[in-house]
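So the structure is just underneath, and the comments pick up after that.
The values are calculated or read from the model by the stated rules, or taken from the named source; none is laboratory data. What you see is a predicted model; the values in this text were computed from it and never measured. Every residue, glycine among them, receives a Cβ derived from its backbone with ideal geometry; neighbour counts consider all protein chains shown. Areas reflect the complete protein model, heavy atoms only, side chains present, ligands, DNA and RNA absent. Shrake-Rupley method; radii C 1.70, N 1.55, O 1.52, S 1.80 Å.
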Amino acid sequence: MPESGLEKKSRFGQNWTYMQSAGLINQLGAWSAGKGPLQQKLARALTQAIRTGSIQTGIRLPSERALAQALSLSRTTVVAAYDILRDGGWLESRSGSGTWVSACSPVVTAARGAAQAGALAASPLFGLLSNRDSGDLLDFALGSPLPLTGLPADIFHLPADEYSAVLRDHLYYPLGLPPLRLALAAYYSAMGVPTRPEHILVTNGAQQGIALSAALYLQRGDTALVEDPTYFGAIDAFRAVGARLSGLPPEGAGVNPVVLRDRISATAARLVYITPTYQNPTGSVMPRAARKETAHIAAELGVPVIDDGTLSELVLDSNPPPPIAAFDPEAPIITLGSLSKLLWPGLRIGWIRATEPIISRLARLKSATDLASPVLTQTLAVRLLASVPIARELRRRELRPRRGLLAALLAEHLPDWTFRSPAGGLFLWTKLPSGDAREFAQAALRHGVVVLPGPVMSVSDRYSAYLRLPFLAEPATLRIAVRRLATAWRDYRSTLGESTSQHQSLLLV
């Protein structure tokens, strides 16, 4: 199945592209939020997806029954929504052939822009990051912490002379501001990774580091090995360059180096992406010995390994082992870092630590993309980087009680949901006892909570029994969210019982 949720079909001499329910749902976003009949809200969401090009003309939509099941709705609601779009000229149907987006209707032609649906259309990333008027909707999908409070206020202000010096500076610094690169070199050297400023490239967040690495090492059709499940932003970046993705199971203690070596050989992988510290979403931590062996594999086979350390400063229990590059600083290991999760997502300061030749090549790619990162925010980042030890402790005091509260609330209100408490990071990787997390996510949405189902974070559409639940919100919000999830779960379980009964009745007829 193509990654975008599209499948080629042929019927009555016509070649239609069929959109699976899961792919369609990703385009709808928080469609059921707000007031009004469900069929009207669903029709508006479908119209908007067609209007913006997320659903292309000629795409055959899921059947009413299939979409109703995926959205946890009655079939009559979906039928009514499809009827609204047919009446408006957006859809057309043929008996026995299904329903598809009209390719000839003037209303569709007039509304459609130049956007083309592709692999990225199946991703929730843009929708999760976009501003939206959520009203009473609680966002349990985006793993983005609020800005850290408690740091000295003057740390966010530049002295007048320093500010004036920045304004007089006319240089771009494509590798990054020299004082920041020097500070980051000291930061990694203190971790046991010998680093000079020449080993550092400053990026616009860690996401740019992933995208640059993908552009450097991958061409269309190349294979990248990624953990499965993994961070969906990395999936986007690799698919954007046309890479084939092959999954690595993170298991209970991260990726097994034996499996990694075998998979590199079996797939001829050109790039490996792993999150050894507080893996997103499972929270697993790769042991020290496994990190050492992974560094040796990268050096021996010459296959670059991305060590995404974005969450590594979010220590809630004992300290994790050092980055993989600590065990072979000259191996082709690309270590990513960021201030976003620890301090403030809006700062958009990230970085790459790698060997000097790799940094030089990545810097040329970056300068072709955006010339350089903003000097003013980099200047501020130099001051903030010095406060990382304090920030780490403040964030731990904030997140550790919330991790415990979310776990206690789930045990009280949803005792049949299971999870392991991570030693750091932001999430509980939670398993449902039955049903499909994608369907339940739709039920939760109607009860005012946005959740992220497991298949969104899988390169193989697995983990349909899992949800990623962040423990970022204020305690009062966590309590409200879990109570809503419990109500949604009771409603969803009742529909599972009805579906089972209907299926058994059909078998008896």
- Within segment 447-481, restricting attention to residues that are of a type in the set (K, R) and surrounded by fewer than 22 Cβ atoms within 10 Å (Cβ to Cβ), which residue is modelled with the highest pLDDT? R479
- Note on the structure: Over segment 329-346, the set of residues surrounded by fewer than 19 Cβ atoms within 10 Å (Cβ to Cβ) and either modelled with pLDDT of 95 or more or among the aliphatic types (A, V, I, L, M) (or both) is E330
- Residues located in segment 390-439, provided they are open to solvent by less than 10 Å² (accessible area, probe 1.4 Å) and of a type in the set (S, T, Y): T430
- Filter result for the condition that a residue is aromatic (F, W, Y), assigned to a helix (DSSP H, G or I) and open to solvent by less than 50 Å² (accessible area, probe 1.4 Å), over Y188, Y163: Y188
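Here's the yes/no breakdown for (1) among the aromatic types (F, W, Y); (2) out of contact with any Leu (no Cβ under 6 Å at 6 or more places or on another chain); (3) at pLDDT below 95:
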site: T369; (1), (2), (3): no, yes, yes
site: P374; (1), (2), (3): no, yes, yes
site: L380; (1), (2), (3): no, yes, yes
site: E393; (1), (2), (3): no, yes, no
site: E398; (1), (2), (3): no, yes, no
site: R403; (1), (2), (3): no, yes, no
site: L406; (1), (2), (3): no, no, no
site: A411; (1), (2), (3): no, yes, no
site: P415; (1), (2), (3): no, yes, no
- Reported set for segment 432-464 where residues are within 15 Å of the chain's Cα centre (by Cα) and among the β-branched types (V, I, T) is V450, V451, V456, V459
- Query: Within segment 208-217, is even one residue modelled with pLDDT of 85 or more and open to solvent by 70 Å² or more (accessible area, probe 1.4 Å)?
  - Reply: no
- Message: open to solvent by less than 10 Å² (accessible area, probe 1.4 Å) and closer than 19 Å to R239 by Cβ: which single residue out of I306, I297 fits that description?
- Response: I306
- Item | Of residues in segment 246-280 being more than 24 Å from P321 (Cα to Cα) and part of a loop (DSSP other than H, G, I, E, B), the one most open to solvent (accessible area, probe 1.4 Å) | R270
- Determine which member of the set S464, S421, S458, S434 is over 24 Å from S144 (Cα atoms) and small (G, A, S). S434
- Item | Elements of type helices (runs of 4 or more DSSP H) in segment 1-92, at least 2 residues being basic (K, R) and modelled with pLDDT of 90 or more | 38-52, 75-87
- Taking only segment 150-160 into account, find how many residues are open to solvent by 60 Å² or more (accessible area, probe 1.4 Å) and at negative phi. 6
- T277 within 19 Å of the chain's Cα centre (by Cα) and hydroxyl-bearing (S, T, Y): yes
- Message: Being open to solvent by 30 Å² or more (accessible area, probe 1.4 Å), assigned to a helix (DSSP H, G or I) and of a type outside the set (A, V, I, L, M, F, W, C) is the filter here; which residues of segment 218-245 pass it?
- Response: R239
- Can you work out which of the residues in segment 369-407 that are out of contact with any strand residue (DSSP E or B) (no Cβ under 9 Å at 6 or more places or on another chain) and outside any helix (DSSP H, G or I) is nearest to G424 (Cα to Cα)? S387
- Message: Among the residues of segment 134-148, are any more than 18 Å from T477 (Cβ to Cβ) and of a type in the set (A, V, I, L, M)?
- Response: no
- Return a yes/no flag: does segment 135-149 have any residue that is at pLDDT below 85, open to solvent by less than 40 Å² (accessible area, probe 1.4 Å) and of a type in the set (V, I, T). no
